[in-house]
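Okay, so here's the structure we're looking at.
What follows is calculated from the coordinates using simple rules that are stated; it is not laboratory data. Computed from a prediction, not measured in an experiment: that's the story for all the values here. Note that we place each Cβ from the backbone using ideal geometry, even for glycine, and neighbour counts take in every protein chain shown.
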Amino acid sequence: MGDFSPRAGLLSVRSGFLGLAATLAFGFSVGPARAELLARVPAAREMAVCGDILFVGTKGSSVYAVPLAGGRARRVASGFSAPNGVACSRGRLFVASRDRVTAFDIGRGGAVSGRRDIRRDLPDSGGHSLRYIGIGPDNRVYVSFGSPCNICLPRGLQGTIVSMNQNGSDLRRVAWGVRNSVGFDWRGRTMFFTDNGADRMGDDIPPDELNQLRPGGFYGFPYFGGQVRLRGFEDAPPPARQIPPVFNFQAHVAALGIHFFRSLGGDALVAQHGSWDRSVPVGYQVVRVRFRGNRPVSATTFIGRVGRPVDVKEAPDGSVLVSDDAGGAIHIFRR
């Protein structure tokens with residue numbers, strides 16, 4: 001269904017499920033890659049690989065389970081307000097929605113039971129209320145809380161990343177001064193997180209960010225976007241010294257989900273959801289961020305023109321999973 005050119009190193013795929021041409025920058029060590037539709041999931045957002053089941057959060061009210069071996073998506077839980085975030089650990093599924101974090105027990109075939117809210121009354125993040133969630137190497141639950149507007153002063157837990165025990169206790173703020181992080185992952189024991197830059201400051205500033213977590217650190221918002229002073233806060237003294245990004249993406253690409261891939265030698269893939277506030281659109285792709293040691297050094301297109309990608313994950317066989325909320329689909333790129 002596609003033509004692989006060894007010289008160009010690209011796989012071009014035309015198919016009805018994408019509705020356009022997708023391009024895969026050849027990143028695997030052996031053999032060509034094949035793009036397929038794994039499942040249809042309305043408004044698909046964050047994904048969690050839990051054994052042979054893929055759980056998918058959405059912008060709607062439901063969470064879905066998809067067999068990685070193939071088969072239709074099945075709604076396994078509903079009644080949420082935008083359950084964007086999903087993660088699993090120790091036989092449990094954790095769901096982050098606008099106002100709470102909920103846990104379930106995972107049963108056979110991805111069935112879930114024992115629903116219980118481990119944390120309620122999450123901060124109101126206005127237009128940035130889609131939460132991302134992950135389980136750290138310390139077995140704690142990490143959740144991001146966006147800032148409530150384009151450029152403004154967050155209050156309380158707005159504009160932070162927090163961690164908690166898996167029963168919801170011992171809430172800790174691990175990062176603040178964050179505009180809107182909708183993606184994080186760990187390289188070894190080091191957490192990296194994306195952050196979306198501010199809008200309405202022009203085509204090329206401020207950048208979207210990739211940050212390295214220093215627990216308790218201040219990341220600059222709303223005083224800085226990258227290291228650019230933000231409108232309305234040019235002369236305001238920041239409350240703490242900013243930890244600058246470790247890598248800048250192009251402004252307005254909307255960098256969201258990030259995942260470190262064993263099959264890519266520990267490099268990361270980042271979903272760029274795509275711009276709306278730019279005269280020439282950018283993003284709408286998945287990029288590979290190459291690392292040297294523990295530092296990112298470059299970002300190049302890995303999968304281009306694949307709808308509006310939100311999250312990326314690695315299947316047990318090393319295949320790349322991509323969620324597309326505009327297309328309502330989970331795509332899989334197999335080697």
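Values computed for the structure shown
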| item | result |
| --- | --- |
| Odd one out for residue 286, checked against (1) within 26 Å of residue 86 (Cα to Cα); (2) of a type in the set (Val, Ile, Thr); (3) in contact (Cβ under 8 Å) with a residue 40 or more places away in the chain; (4) not in a loop (DSSP other than H, G, I, E, B) | (3) |
| Search result, residues across region 185-232 that are assigned to a loop (DSSP other than H, G, I, E, B), closer than 19 Å to residue 144 by Cα and among the polar types (S, T, N, Q) | 196 |
| Residue 87 vs. criteria small (Gly, Ala, Ser), crowded, with 22+ Cβ neighbours inside 10 Å and over 16 Å from residue 182 (Cα atoms) | no |
| Given (1) surrounded by 14 or more Cβ atoms within 10 Å (Cβ to Cβ); (2) without any contact (Cβ under 8 Å) to a residue 40 or more places away in the chain, number of the condition residue 257 does not satisfy | (2) |
| Residue 169 being in a loop (DSSP other than H, G, I, E, B), in contact with a helix residue (DSSP H, G or I) (Cβ under 8 Å, 6 or more places away or on another chain) and polar (S, T, N, Q) | no |
| Region 123-138 - residue that is within 19 Å of the chain's Cα centre (by Cα) and more than 25 Å from residue 200 (Cα to Cα) and, of those, surrounded by the fewest Cβ atoms within 10 Å (Cβ to Cβ) | 137 |
| Counted residues, region 289-316 - those being in a strand (DSSP E or B) and farther than 20 Å from residue 68 by Cβ | 13 |
| Single condition residue 198 does not satisfy, out of (1) surrounded by fewer than 19 Cβ atoms within 10 Å (Cβ to Cβ); (2) closer than 26 Å to residue 289 by Cα; (3) in contact with a strand residue (DSSP E or B) (Cβ under 7 Å, 6 or more places away or on another chain) | (1) |
| Residue selected from region 52-67 under the condition within 16 Å of residue 111 (Cβ to Cβ) and in contact (Cβ under 8 Å) with a residue 60 or more places away in the chain, by the criterion surrounded by the most Cβ atoms within 10 Å (Cβ to Cβ) | 56 |
| Subset tally (residues that are out of contact with any Ser or Thr (no Cβ under 9 Å at 6 or more places or on another chain) and β-branched (Val, Ile, Thr)) for region 121-173 | 1 |
| Matching option when the condition is free of Cβ contacts under 8 Å to residues at least 24 places away in the same chain and acidic (Asp, Glu), among 105, 124 | 105 |
| Candidate set: region 173-191, residues that are under 16 Å from the mean Cα position of the chain (by Cα) and of a type in the set (Phe, Trp, Tyr); chosen: the one nearest to residue 124 (Cα to Cα) | 184 |
| Residue, nearest to residue 49 (Cα to Cα), within region 114-149, restricted to residues that are of a type in the set (Phe, Trp, Tyr) and part of a strand (DSSP E or B) | 142 |
| Subset of region 267-283 [farther than 24 Å from residue 191 by Cβ, touching a residue at least 40 places away in the same chain (Cβ under 8 Å) and of a type in the set (A, V, I, L, M)] | 280 |
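Table: residues versus (1) surrounded by fewer than 22 Cβ atoms within 10 Å (Cβ to Cβ); (2) among the hydrophobic types (A, V, I, L, M, F, W, C); (3) at positive phi.
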site: 157; (1), (2), (3): yes, yes, no
site: 164; (1), (2), (3): yes, yes, no
site: 174; (1), (2), (3): yes, yes, no
site: 192; (1), (2), (3): no, yes, no
site: 203; (1), (2), (3): yes, no, no
site: 211; (1), (2), (3): no, no, no
site: 215; (1), (2), (3): yes, no, no
site: 235; (1), (2), (3): yes, no, no
